[in-house]
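Visitor: The structure that follows is given in the form of C-alpha cells.
The values are calculated or read from the model by the stated rules, or taken from the named source; none is laboratory data. Everything quoted here is computed from the prediction, not taken from an experiment. Every residue, glycine as well, gets a Cβ built from its backbone with ideal geometry; the counts of neighbours run over all protein chains shown.
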Amino acid sequence: MSERGTVLPVLALLMVGGALAVALAVEVGRATAAWREASFAADAAAEAGAAVLDPAQAYEGRIRLDPRLAEAEAVAAALAARPRPGRRAAAAATAARICVTVRQPFPPGLLAPFLWTRQIVTTGCASPRRG
C-alpha cells in the first residue's frame, strides 16, 4: 500500500485551522476595541451629564443635578463621542447620580458566515463632586 499524498490532506486541515484561528483572533480584537469605544462613550456621557447642575441648588451651596437636563446632555454626549452608525444611548438621572447605557451594534467581519450581528451594551455612571 502506497503512502504517497497522505501529507496533503493533513496539511490542508492544518492550514484551514490556522486561518480560522487567525480570523478568531482578529474578531476578538475587533470586539474588544468596539467595547472599549462604547465604554468610552458611556463614561464621557455620564461625566458630561454630571456637569449639568441645578442652578437653584448650586446657589444654595448644594451640588445637585438637574435630572432632565443632565439626561439630555448625557445622551447627546454619548452619540457625539466617536459616533458610530446604529449607536443608541439612554440615560437615567437623579439629583445625585446619572447613569448612561450605550448600545452599539457589532457586525462580524472575517467570521461573518459563522456569527451574527451582536449588540455591545455598556453603562457608565457619574456623580457631581466638588473639586
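Visitor: Restricting attention to segment 5-33, report how many residues are closer than 30 Å to Cys99 by Cβ and either outside any helix (DSSP H, G or I) or in contact with a Leu (Cβ under 7 Å, 6 or more places away or on another chain) (or both).
Guide: First, the residues of segment 5-33 that are closer than 30 Å to Cys99 by Cβ: 27-33.
When the remaining residues are screened for being either outside any helix (DSSP H, G or I) or in contact with a Leu (Cβ under 7 Å, 6 or more places away or on another chain) (or both), the result is 27.
Total meeting the criteria: 1.
Visitor: Now for a different question. Can we say Arg82 is in contact with a Ser or Thr (Cβ under 8 Å, 6 or more places away or on another chain), charged (D, E, K, R) and surrounded by 10 or more Cβ atoms within 10 Å (Cβ to Cβ)?
Guide: Details: in contact with a Ser or Thr (Cβ under 8 Å, 6 or more places away or on another chain): no; charged (D, E, K, R): yes; surrounded by 10 or more Cβ atoms within 10 Å (Cβ to Cβ): yes.
Spelling it out, it is not the case that Arg82 is in contact with a Ser or Thr (Cβ under 8 Å, 6 or more places away or on another chain), charged (D, E, K, R) and surrounded by 10 or more Cβ atoms within 10 Å (Cβ to Cβ).
Visitor: Inspect all residues belonging to segment 34-48 and state whether any of them is without any contact (Cβ under 8 Å) to a residue 12 or more places away in the chain, under 13 Å from the mean Cα position of the chain (by Cα), closer than 30 Å to Arg129 by Cα and in a loop (DSSP other than H, G, I, E, B). Explain how you work it out, then say what you get.
Guide: Step one: filter segment 34-48 for residues without any contact (Cβ under 8 Å) to a residue 12 or more places away in the chain, giving 36.
The next check asks that each one be under 13 Å from the mean Cα position of the chain (by Cα); those that pass are 36.
Restricting the remaining residues to those that are closer than 30 Å to Arg129 by Cα gives 36.
Next, only the ones that are in a loop (DSSP other than H, G, I, E, B) stay: none.
Checking segment 34-48: not a single residue is without any contact (Cβ under 8 Å) to a residue 12 or more places away in the chain, under 13 Å from the mean Cα position of the chain (by Cα), closer than 30 Å to Arg129 by Cα and in a loop (DSSP other than H, G, I, E, B).
Visitor: Then there's this: Given (1) of a type in the set (Lys, Arg); (2) at pLDDT below 90; (3) more than 20 Å from Cys125 (Cα to Cα), where does Arg82 come up short, assuming only one miss?
Guide: (3)
Visitor: Still on this structure, I have one more. Among (1) touching a strand residue (DSSP E or B) at 6+ places or on another chain (Cβ under 6 Å); (2) modelled with pLDDT under 95, which single condition is Val100 missing?
Guide: The one condition Val100 does not meet is (2).
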